[in-house]
1. When segment 1-35 is examined, which residues are found to be over 25 Å from residue 52 (Cβ atoms), assigned to a helix (DSSP H, G or I) and touching a helix residue (DSSP H, G or I) at 6+ places or on another chain (Cβ under 8 Å)?
2. Take the conditions surrounded by 12 or more Cβ atoms within 10 Å (Cβ to Cβ), at pLDDT 90 or above, under 9 Å from the mean Cα position of the chain (by Cα) and not aliphatic (A, V, I, L, M) and apply them to residue 19. Does it pass?
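The values are calculated or read from the model by the stated rules, or taken from the named source; none is laboratory data. Remember, it's a predicted structure, so these values are computed and weren't measured experimentally. Glycine gets a Cβ as well: all are built from the backbone with ideal geometry, and neighbour counts include every protein chain shown.
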Amino acid sequence: MKSRSLAFLILSLAISSGTSLIDRYIVPIPNWLSIVLIFLAATSLIYSISLYIRKVRQS
């Protein structure tokens, strides 16, 4: 369970930082795509936190 939580945390950080780095240094990203990617990153972050809380409560 811990590895899944960590995987979703890394995924959310990679999406959010990758979006900002690509937008700033490589090519401009359309606003609608940025919104979708940030929503995906936020969803992944919330899911990783909920997995971690569920694990802590079971212990």
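1. Kept after step one, since they are over 25 Å from residue 52 (Cβ atoms), are these residues of segment 1-35: 21-35.
Going one step further and asking which of them are assigned to a helix (DSSP H, G or I), we end up with 21-26, 31-35.
Listed by number, the residues that qualify are 23, 34.
2. Values: surrounded by 12 or more Cβ atoms within 10 Å (Cβ to Cβ): yes; at pLDDT 90 or above: yes; under 9 Å from the mean Cα position of the chain (by Cα): no; not aliphatic (A, V, I, L, M): yes.
Against the criterion (surrounded by 12 or more Cβ atoms within 10 Å (Cβ to Cβ), at pLDDT 90 or above, under 9 Å from the mean Cα position of the chain (by Cα) and not aliphatic (A, V, I, L, M)), residue 19 does not qualify.
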